[in-house]
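Notes to accompany the following structure.
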Amino acid sequence: MTTLSIVIPAKNEAENIVTLVEDIDRALSAHAPFEIIVVDDCSTDNSVAVLNARAQTMPHLRIVRHDRSGGQSAAVHSGVKAARAPIICTLDGDGQNPPEELPKLAAPLLYDTTGKIGLVAGQRVGRQDTWSKRFASRFANRLRGWILQDGTRDTGCGLKAFRREAFLDLPYFDHMHRYLPALFTRDGWQVAHVDVSHRARGAGRSNYSNIQRALVGIVDLAGVAWLLRRRKKARPLDDGQ
């Protein structure tokens, strides 16, 4: 049985993706069997070609392809649906999330004896981004935390681990990956936090700008606040039958 499924949303990361996959393979050697799923979000470079070539000698590497670009949340959702393991780990395809952090993220779920932890959220320390990107992220995280009270200082970190079935029970919407702590808490799960390192992008450039994130973030934040208020509050009684 596959222990872990590693899901990587990626678009136009041909220069980074194979190195990332190989680093993941080394980082998780003690956790076999596991699988690596790269979800190609309709790349226009040769990402799919280099991944297919690497998959010839790495049978646990799987490639899922989108018919059109759907964004990071859509890619994560497609990867989780295709996954075979009960525990999912995610990280970004640009190589800025060190794969060496994956065992630390997975551990609270793999060894959870209570069955109450649904999500382990990575929180970046020593971010290797531009000043403008760090400032925008800090402002967005403070605003989100004030409104949603989700207890997380860095929801934009791609390093996360969660229960597959719990994730698929969440209401899907574009950009939902930035609100997973609030959504898991909404459904009654405990959320654990782990500090993780960060590194500079190896090649290429980001697919999103600060302005794009800000514009969609305003609408998303209002929508998630509404979802939290409208959560199901009743629970069936356990009568022992």
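Throughout, read-outs are computed from the coordinates displayed, never taken from laboratory work. Please read all numbers here as calculations on a predicted model, not as lab measurements. Glycine also receives a Cβ, built like all others from the backbone with ideal geometry; neighbour counts cover every protein chain displayed.
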Original post:
Long-range amide H contacts for residue 43: which residues qualify at under 5 Å (H placed 1.01 Å from N, peptide plane, sequence gap of 5 or more or a different chain)?
Top reply: 12
**OP:** Straight distance only, please: which lysines reach the Cα of residue 232 with their own Cα at less than 22 Å, same-chain residues fewer than 8 apart left out?
**Re:** 116
Original post:
What nm value, rounded to one decimal, do you get for the distance between residue 29 and residue 226 when each label is placed 7 Å out toward the C-beta?
Top reply: 5.1 nm
Subject >> Under the Karplus curve 6.51 cos²θ - 1.76 cosθ + 1.60, θ = phi - 60°, whole-Hz ³J(HN,Hα) for the range 2-10, x wherever Gly or Pro sits >> reply: 5, 7, 9, 10, 9, 10, 10, x, 8
Original post:
Using the Karplus equation 6.51 cos²θ - 1.76 cosθ + 1.60 (θ = phi - 60°), what ³J(HN,Hα) coupling, rounded to whole Hz, does each residue of the range 40-56 give in order, writing x for Gly and Pro?
Top reply: 7, 8, 6, 5, 10, 9, 9, 4, 5, 5, 5, 5, 4, 5, 5, 5, 4
**OP:** Could you go through the range 67-75 in sequence order and give the Karplus-derived ³J(HN,Hα) for each residue, using 6.51 cos²θ - 1.76 cosθ + 1.60 with θ = phi - 60°, rounded to whole Hz, and x for Gly and Pro?
**Re:** 7, 7, 6, x, x, 5, 5, 4, 5
